[in-house]
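The values are calculated or read from the model by the stated rules, or taken from the named source; none is laboratory data. Note that the coordinates shown come from a computational prediction; the quantities given were computed from them, not determined experimentally. Quick reminder, even Gly has a Cβ in these numbers, built from the backbone with ideal geometry, and neighbours come from all protein chains shown.
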Amino acid sequence: MADTKISALPAVVAPVGTDEFACHQAGVTKKETKTQITAATDAALAADVANLAAHIAMTTTPIHGSSAVAAANTLAHRNATGDLAATDFNAVAGTAANPSYTFTVDPDTGLYRFAANGLGIATGGVHRAHWNTSGALVVNDAAVSSRMTGPGVTINQGAFDDEAVALQSTDVNQPFTTIADSDTYGTLQKVSGANAGLRVSGFKELATTVLDLVGYGNGNADTTKTVNGRAIVEARGFVDDGLGAVGNTNADGNVFGVRTQRGGAEVTLLLIDEDGDLHVLNDIVVAGLVDGVDVAAHVAAAVLDHPNDSVTDAKLRNSAATSVIGRAGAGVGDPADIVAGADNQVLARTGGTLAFQPVTAAMVTDRTRKFFVPATLNYNFSDTVFYYAGDGSGYELLDGKIFYLTGFCLVPTDFVSNFNIKAVIVPFANGNVYNSLWVRYGQCGEGQNIHDETLALQAEAVVQFQNSCVASHTLANAAAGDIVRIQYERDAVNVLDTIGAVVRGAGFLIEYTADS
């Protein structure tokens, strides 16, 4: 019977009925009726019966065990502190469809013994995950990966192609919400459905260091610069050999690439192929290295070395424009294109093709040549006096007289056209000089005047003490090798000569167009 405080009973002198009991407390006589005693006893018994029924249910319900073996099970009990004993949760192994430990409202969801020393988890009567005897967690598969012999995680997505692993943080709010949740900062998933491939994705609110691959190694890094060299961080790519193992990558097969999106589409920027060739694509220009050293300077200093005879005939190719080495257009390069077939040839582009060839006139854009012919004789026509020598500034052509200045030259062998002659004089005052030019020329063995040309007298403005090139005349029939006799005339008797001072004659400036 449950405890009843005597102090709570009414005080009486003595029991008066057959259903009353007397008791004493501190010298005071009290009574308790049969009804009071029965009520207290029934409440205590009801609590004990409910507790007993719960223990019986744990060993006889079909969910936790078979009712047929309930008699062989020990009823649950509590220790002195009210805790259930360790043996109180012993259960049958169970299955995914009928787990050992479930929920009243969801009897096909819970825990069960997957295998020896293995714990399974089921939802809706279907196996979802289990830990095996090695401590590996296997999700959505009956067996761990055959290459996983210790603790680890195996996830089988089945035909699902979305995220296999999503890393999230409540303080993240990244913008790529069409690809991942806003609080996701990293995912692992398949690249191409049943064709597999692994995509590691990082998400960040800023476009800096979104995916950070870092390697930490103790000691010195490898310095080998051959096919056997190793690095702190390595990226490796392989193809199969058709037998389930690693095979050789096909010739010129692309191994590593860098891509981005521009102009509304994904494009490739850089490729490294099977034999180590680096291809920088899409008009990307490498201007310099991070440390500020120009890449071109590295190449010029032979920092980048290429083995001898490593450029094959097939690699002497061309772009759409004329190449530096090789042919223009889409033709395949040929070593003959860059080999001089004879002496006295230069490497030049003509007609859209780069080749060794003789220099022609068309190759030289500026073929103008000049030379000076000093005057050899000064003749005073007015006084019929010859002067065979002059001073440092030339021969004197006096005012008020008619003077001739003469010279001789040969038309050069590289002459093509436009053999022009000008007299060079220095006037001692400003004004107009009245002058003309008379030229006779021809080859050896021809008449001295086979070609005879005269520039009519004309007045030309000149400036005091300046070299003045006057009486310009271009020969009409000049040819290489012609002997040319030149005579310049100043007619200072004519009123059109207004200098009023001496003019010194220096000689003749010759200008012509050469063949190269």
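Which of the numbered conditions does residue 157 fail, given that it passes all the others? Conditions: (1) surrounded by 15 or more Cβ atoms within 10 Å (Cβ to Cβ); (2) at pLDDT below 90.
(1) is the only condition that residue 157 fails.
Can you tell me which of (1) outside the structural domain of residue 453 (by TED's automatic domain parsing); (2) loosely packed, with under 13 Cβ neighbours inside 10 Å is the one residue 384 doesn't meet?
Result: residue 384 passes all but (1).
Test residue 432 against the criterion of being within 60 Å of the chain's Cα centre (by Cα) and part of a strand (DSSP E or B), and give yes or no.
No: the conditions fail for residue 432.
Among (1) at pLDDT 90 or above; (2) in contact with a strand residue (DSSP E or B) (Cβ under 7 Å, 6 or more places away or on another chain); (3) not basic (Lys, Arg), which single condition is residue 126 missing?
(2)
Given 459, 423, which one is among the small types (Gly, Ala, Ser), in contact with a Cys (Cβ under 9 Å, 6 or more places away or on another chain) and modelled with pLDDT of 95 or more?
Details: 459 fails: in contact with a Cys (Cβ under 9 Å, 6 or more places away or on another chain).
Matching residue, one of 459, 423: 423.
Please go through segment 241-292 and give me each residue that is among the acidic types (Asp, Glu) and either modelled with pLDDT of 90 or more or part of a loop (DSSP other than H, G, I, E, B) (or both), ordered by number.
Listed by number, the residues that qualify are 241, 252, 274, 275, 277, 283, 291.
I'd like the residue in segment 495-516 that is of a type in the set (S, T, N, Q) and not in a strand (DSSP E or B) and, out of all such residues, is surrounded by the fewest Cβ atoms within 10 Å (Cβ to Cβ). Outline the logic, then answer.
Going through segment 495-516, the residues of a type in the set (S, T, N, Q) turn out to be 498, 513, 516.
Remaining after also requiring not in a strand (DSSP E or B): 498, 516.
Working: 498: 16, 516: 12.
That would be 516.
Can you pull out every residue in segment 451-494 that is within 12 Å of residue 441 (Cα to Cα), outside any strand (DSSP E or B) and in contact (Cβ under 8 Å) with a residue 40 or more places away in the chain?
Listed by number, the residues that qualify are 475, 478, 479, 480, 481, 482.
Filter segment 231-251 down to the residues that are under 29 Å from residue 221 (Cα atoms) and either in contact with an Asp or Glu (Cβ under 8 Å, 6 or more places away or on another chain) or in contact (Cβ under 8 Å) with a residue 24 or more places away in the chain (or both) and list them by number.
Going residue by residue through segment 231-251, those that are under 29 Å from residue 221 (Cα atoms) are 231-239, 246-249.
Of everything in segment 231-251, those that are under 29 Å from residue 221 (Cα atoms) and either in contact with an Asp or Glu (Cβ under 8 Å, 6 or more places away or on another chain) or in contact (Cβ under 8 Å) with a residue 24 or more places away in the chain (or both) turn out to be 231, 246, 247, 248, 249.
State all residues of segment 225-265 that are more than 25 Å from the chain's Cα centre (by Cα), within 23 Å of residue 278 (Cβ to Cβ) and surrounded by fewer than 10 Cβ atoms within 10 Å (Cβ to Cβ); if no residue qualifies, say none. Give the steps one after another, and end with the answer.
Restricting attention to segment 225-265, the residues satisfying the condition of being more than 25 Å from the chain's Cα centre (by Cα) are 228, 240-248.
Keeping just the survivors that are within 23 Å of residue 278 (Cβ to Cβ) gives 228, 248.
228, the sole residue that qualifies.
Would you be able to say whether some residue in segment 451-471 is within 19 Å of residue 406 (Cβ to Cβ), surrounded by fewer than 15 Cβ atoms within 10 Å (Cβ to Cβ), assigned by TED's automatic domain parsing to the domain that holds residue 404 and aliphatic (A, V, I, L, M)?
yes
Out of segment 399-440, which residues are farther than 19 Å from residue 469 by Cβ and either touching a His at 6+ places or on another chain (Cβ under 8 Å) or of a type in the set (Lys, Arg) (or both)?
Matches in segment 399-440: 401, 440.
Which condition number does residue 416 fail, the rest of (1) modelled with pLDDT under 95; (2) over 60 Å from the mean Cα position of the chain (by Cα) being met?
It is condition (2) that residue 416 fails.
Go through (1) part of a loop (DSSP other than H, G, I, E, B); (2) more than 19 Å from residue 486 (Cα to Cα); (3) not polar (S, T, N, Q) for residue 447 and report which single condition fails.
Of (1) part of a loop (DSSP other than H, G, I, E, B); (2) more than 19 Å from residue 486 (Cα to Cα); (3) not polar (S, T, N, Q), only one is false for residue 447: (2).
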